[in-house]
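Asks: The following block contains the structure, expressed as structure tokens.
The values are calculated or read from the model by the stated rules, or taken from the named source; none is laboratory data. Please read these numbers as outputs of a predicted model, since none were measured by experiment. Cβ placement follows ideal geometry from the backbone for every residue including glycine, while neighbour counts extend to all protein chains displayed.
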Amino acid sequence: MIVSTDSRYINLLQNLFRPVRRGTQTLRWMFRDVGWCPSLRAMPQGLWQSRPFDASAVAMKGVGKFGEVMAGEKGKVSYDDVAARLQKIIHSGSQRKAITDFVCRELRKIPHYTWVGIYSVEGPELVLASWSGPSATQHTRIPIGQGICGAAVAEKATVVVQDVNDDPRYLQCFINTRAEIVVPILRDGAPIVEIDIDSDQVNAFGPTDREFLEWVASDLATIL
């Protein structure tokens with residue numbers, strides 16, 4: 001059982017949460033979620049909270065690390081649940097195309113990820129390998145160095161554009177796209193694949209999105 005070292009917190013708990021209290025377990029999770037009581041013993045926490053959870057401590061890479069994203073009336077979507085499903089399929093031994101198709105579909109379950117694509121580097125071009133979204137993109141081949149996708153490969157680094165209207169590199173495809181993030185996947189320092197995600201919201205991609213997608217890229221790099 002997790003208890004406070006200060007009886008004042010227990011008294012406050014009993015008075016404040018008596019209508020919904022269903023035993024110590026419920027009470028414990030209530031405080032872990034709000035992160036209010038500093039004297040409660042440390043619990044696993046996601047990156048969206050003050051002390052990141054070390055996933056290696058439970059031998060589950062990527063699980064329990066990234067937290068949840070609010071999706072309005074759609075409810076919560078857990079990055080950690082998505083990460084667990086992705087890791088399972090990535091290391092399932094399935095064919096590459098099946099894996100990348102699944103990754104795109106699974107990532108798009110995150111509400112502000114409007115369109116998700118995976119491009120392969122083929123010579124001087126990026127070639128669309130898999131995608132998930134309301135409609136197909138006209139940019140099935142992109143010269144390296146052009147657009148946000150081409151820039152990420154050329155720079156060998158994640159590129160985040162919080163408002164595509166302010167970035168002259170943006171290659172318009174969908175009229176409702178407002179933000180874009182592109183994460184390259186490297187092998188021996190050279191880009192081989194990249195993850196491209198559009199959002200219909202300005203300022204859609206925060207630090208958690210970047211770290212989460214870079215984790216996905218690093219896991220994909222082990223099997224591509």
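Asks: Evaluate the following for I144: is it touching a Leu at 6+ places or on another chain (Cβ under 9 Å) and in contact (Cβ under 8 Å) with a residue 40 or more places away in the chain?
Replies: no
Asks: Further question: Among the listed residues V182, V160, V193, V202, which satisfies the condition of being in contact with a strand residue (DSSP E or B) (Cβ under 7 Å, 6 or more places away or on another chain), part of a strand (DSSP E or B) and farther than 18 Å from W131 by Cβ?
Replies: Only one candidate qualifies: V160.
Asks: Any chance the range 167-175 includes a residue that's surrounded by 17 or more Cβ atoms within 10 Å (Cβ to Cβ), on the phi < 0 side of the Ramachandran plot and assigned to a strand (DSSP E or B)?
Replies: There is no residue in the range 167-175 that is surrounded by 17 or more Cβ atoms within 10 Å (Cβ to Cβ), on the phi < 0 side of the Ramachandran plot and assigned to a strand (DSSP E or B).
Asks: Here's a follow-up. Right, G123: buried (at least 18 other Cβ atoms within 10 Å of the Cβ) and at positive phi or not?
Replies: No.
Asks: In this structure, does S130 turn out to be over 20 Å from L186 (Cα atoms) and without any contact (Cβ under 8 Å) to a residue 40 or more places away in the chain?
Replies: Spelling it out, it is not the case that S130 is over 20 Å from L186 (Cα atoms) and without any contact (Cβ under 8 Å) to a residue 40 or more places away in the chain.
Asks: Does E194 satisfy the criteria of being in contact with an Asp or Glu (Cβ under 7 Å, 6 or more places away or on another chain), assigned by TED's automatic domain parsing to the domain that holds W215 and modelled with pLDDT of 95 or more?
Replies: Here the answer is no, as E194 does not meet what is asked.
Asks: Next question. Can you pull out the residues in the range 180-194 that are out of contact with any Leu (no Cβ under 6 Å at 6 or more places or on another chain) and under 13 Å from V116 (Cβ atoms)?
Replies: The answer is E180, I181, V182, E194.
Asks: If I filter the range 92-115 down to residues being buried (at least 19 other Cβ atoms within 10 Å of the Cβ) and among the hydroxyl-bearing types (S, T, Y), which single residue comes out as farthest from V77 (Cα to Cα)?
Replies: The selected residue is T100.
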